[in-house]
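Since the structure comes first, as structure tokens, the remarks are kept for the end.
The values are calculated or read from the model by the stated rules, or taken from the named source; none is laboratory data. From a predicted model like this one, the values you see are computed outputs, not experimental measurements. For neighbour counting, all protein chains shown are included, and Cβ atoms are generated from backbone atoms with ideal geometry for every residue, glycine included. The area values use the complete protein model at the heavy-atom level, side chains included, leaving out ligands, DNA and RNA. Shrake-Rupley method; radii C 1.70, N 1.55, O 1.52, S 1.80 Å.
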Amino acid sequence: MAEPVTALVVDDEEMTRAIVAGYLARIGYRTLEAATLAEAWRILNDPAVTIHVALLDRRLHDGDGLKLFERMKAVPGLADIPVIIQTLSDSSADIAAAIRAGVFYYLIKPYDGALLRSVVRAAEESSGRMKSLQGDLRSRADAMGLLREAQFRFRTPHEAQNLAIALSSIADTAHSLTFGLSEIMMNAVEHGNLGIGFEAKSVLKATGTLGREIETRLASPEHRDKHATLHVERSDERVVFTVTDTGGGFDSSRYLTVDAFQSTATHGRGIALARMVGFDQLTYVGNGNRVIGVVNLNHSTG
């Protein structure tokens with residue numbers, strides 16, 4: 001019988017741990033729980049336990065969850081465990097620090113169960129592929145190094161995420177580029193092609209119905225034939241990513257600065273974060289339905 005996927009949930013709120021465990025049980029994951037960094041460290045170093053993915057709260061009674069992640073990276077047996085940071089904090093400095101450190105994803109509470117399950121499953125599957133297909137991934141990375149120009153079409157969040165992951169090996173700071181590409185391509189799908197505005201997304205996230213609404217709009221006659229495009233052009237010095245959607249655009253200046261982090265909204269920070277940690281330059285042009293991200297090779301952001 002195959003070993004169950006095991007997630008370590010580190011949070012000092014018992015109710016939060018129970019809720020996360022319930023969410024993950026729906027996709028067949030087993031969870032181990034820890035209320036402190038010290039307890040989590042004991043579990044991580046237990047030779048009888050295999051952890052496949054870890055969810056760490058950023059603010060714990062006995063310290064910062066990011067410190068545990070940094071400790072894990074220094075231990076060969078723990079360094080490859082994908083880590084998702086979750087917190088109530090919406091500080092741009094906190095989020096940027098976590099992404100730069102190499103966490104797989106950063107979730108801001110409250111979030112819905114569907115999002116959590118999607119992120120955790122992606123983290124575990126990504127880690128599994130890396131462990132079992134190292135040679136294949138190296139070949140793909142080598143092949144990506146040959147890329148000079150390409151154009152892709154995508155229409156769903158899943159396609160956007162997969163494309164971001166596939167192309168991230170083109171730069172040294174793959175985790176940061178994955179995040180940056182994912183954010184700008186998801187914006188092209190949700191806001192650009194499907195017309196889900198900031199206020200509407202706030203309501204949908206609050207009611208846990210964003211995923212269902214995206215699926216409904218993707219299947220509708222109005223939107224089912226719409227695609228966004230990603231154009232990639234690489235030189236020896238840099239890679240230029242251009243994402244174009246079919247929408248009417250938006251005022252990007254509102255979302256490109258640190259001011260985007262000062263509101264209490266549960267979203268709207270992704271573009272500013274992408275600019276901070278995903279790209280060396282990020283520029284929206286025209287009416288906002290086209291964005292150009294630049295990554296300088298050999299000394300890229302991160």
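A few notes on this one:
- Selection count, the stretch 20-33, where residues are open to solvent by 60 Å² or more (accessible area, probe 1.4 Å) and modelled with pLDDT of 90 or more: 2
- Scanning the stretch 83-100 for residues that are assigned to a helix (DSSP H, G or I) and either farther than 28 Å from Asp280 by Cα or touching a residue at least 12 places away in the same chain (Cβ under 8 Å) (or both) gives Ser92, Asp94, Ile95, Ala96, Ala97, Ala98, Ile99, Arg100.
- Inter-residue pairs, beta-carbon under 6 Å, first closer than 22 Å to Ala96 by Cα and in the stretch 107-120, second open to solvent by less than 40 Å² (accessible area, probe 1.4 Å) and assigned to a helix (DSSP H, G or I), 6+ apart: none
- Among the residues of the stretch 169-184, those identified as in contact with a Ser or Thr (Cβ under 7 Å, 6 or more places away or on another chain) and at pLDDT below 80 are Ala171, Asp172, Thr173, Ala174, Ser176, Thr178.
- The set of residues in the stretch 241-278 being touching a Gly at 6+ places or on another chain (Cβ under 7 Å), modelled with pLDDT under 90 and closer than 20 Å to Ala160 by Cβ consists of Gly247, Gly249, Phe250, Ser252, Tyr255, Ala274, Val277, Gly278.
- Qualifying residues in the stretch 203-240 (those that are touching a residue at least 60 places away in the same chain (Cβ under 8 Å), farther than 30 Å from Leu116 by Cβ and among the aliphatic types (A, V, I, L, M)) - the one surrounded by the fewest Cβ atoms within 10 Å (Cβ to Cβ): Val232
- For the stretch 34-67, a tally of residues being part of a helix (DSSP H, G or I), open to solvent by less than 30 Å² (accessible area, probe 1.4 Å) and under 14 Å from Ile81 (Cβ atoms) returns 3.
- The set of residues in the stretch 68-91 that are over 17 Å from Ala123 (Cβ atoms) and either loosely packed, with under 13 Cβ neighbours inside 10 Å or more than 16 Å from the chain's Cα centre (by Cα) (or both) comprises Glu70, Arg71, Ala74, Val75, Pro76, Gly77, Leu88, Ser89, Ser91.
- Contact map, the stretch 63-82: residues that are under 15 Å from Tyr105 (Cα atoms) paired with residues that are among the aromatic types (Phe, Trp, Tyr) and open to solvent by 40 Å² or more (accessible area, probe 1.4 Å), Cβ distance under 8 Å, separation 6+ or inter-chain. Pairs shown: Pro82/Phe104.
- One residue alone among Val75, Val5 is closer than 24 Å to Gly102 by Cβ and either polar (S, T, N, Q) or modelled with pLDDT under 90 (or both), and that residue is Val5.
- Those residues of the stretch 149-158 which are part of a helix (DSSP H, G or I) and closer than 14 Å to Asp245 by Cα, in sequence order: Pro157
- When Ile95 is tested against (1) surrounded by fewer than 22 Cβ atoms within 10 Å (Cβ to Cβ); (2) touching a Leu at 6+ places or on another chain (Cβ under 7 Å), only condition (1) is not met.
- The lone exception for Gly128 - which of (1) farther than 30 Å from Lys201 by Cβ; (2) at pLDDT 70 or above; (3) surrounded by 13 or more Cβ atoms within 10 Å (Cβ to Cβ) it fails: (2)
- Odd one out for Ala150 among (1) surrounded by 17 or more Cβ atoms within 10 Å (Cβ to Cβ); (2) modelled with pLDDT of 75 or more: (1)
- Within the stretch 148-167, residues that are more than 24 Å from Ala219 (Cα to Cα) and of a type in the set (Gly, Ala, Ser) sit with their Cβ atoms under 6 Å from residues that are in a strand (DSSP E or B) and modelled with pLDDT of 90 or more, at 6+ positions apart or across chains, in these pairs: Ala150/Val232.
- Scanning the stretch 101-120 turns up one or more residues that are under 18 Å from Ser176 (Cα atoms) and open to solvent by 40 Å² or more (accessible area, probe 1.4 Å).
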